[in-house]
Structures are given as structure tokens and as C-alpha cells.
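The values are calculated or read from the model by the stated rules, or taken from the named source; none is laboratory data. It should be emphasised that the depicted structure is a prediction, and the values quoted were computed from it without experimental measurement. All Cβ positions, even for glycine, are placed from backbone atoms using ideal geometry, and neighbour counts span all protein chains on display.
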Amino acid sequence: MGSSSLALLPGLIGLLLVAVVITLVAWALQLMQSASDSNEFSLMLAGCLVCSAAVGLSTVMVISLTGPNAPLVHIFHAG
């Protein structure tokens, strides 16, 4: 891998994590909709747990990609 492809790696990881978070939220909404349709509390609880996992993943993503030694900080401060 060259240095130019290594520079793109954090952005690709960020995009992948955003796609995973969107998928988790869509799955949680589907679980909650089916819980509402069938009056199942367990599906509503599962939807809430999946949503909290998506929030946790997005929090870790923001912290790791914008921390003091993160690559995105150097991009924003370059201009």
C-alpha cells in the first residue's frame, strides 16, 4: 500500500462505520414496527437495544476519528 492509499483509509473506515450505523438504525426501526404491529414488548426492547448499540458505535466513531491524534484533525487544521 502506498502513502496515498493509507491517507484514504480513515475516510473509508468512517464511511463504513456510517453505513453500519444506518443499517443498525433501520433494523431497530423494523423491530420496533413489528413490535407495534404484534404488541410484543420483547421486540420493542430488542429495537431499543439495537438503537443504543448504534449510538454507542457512532460515539466511538466520532471520538476515534476526531480525537487529538486523529487523521481528520490534521485535515481540518491544514487549511
Mind checking whether some residue in region 58-69 is among the hydrophobic types (A, V, I, L, M, F, W, C), surrounded by 15 or more Cβ atoms within 10 Å (Cβ to Cβ), closer than 17 Å to residue 16 by Cβ and at pLDDT 90 or above?
no
Taking region 19-57 only, how many residues are surrounded by 17 or more Cβ atoms within 10 Å (Cβ to Cβ) and of a type in the set (S, T, N, Q)?
0
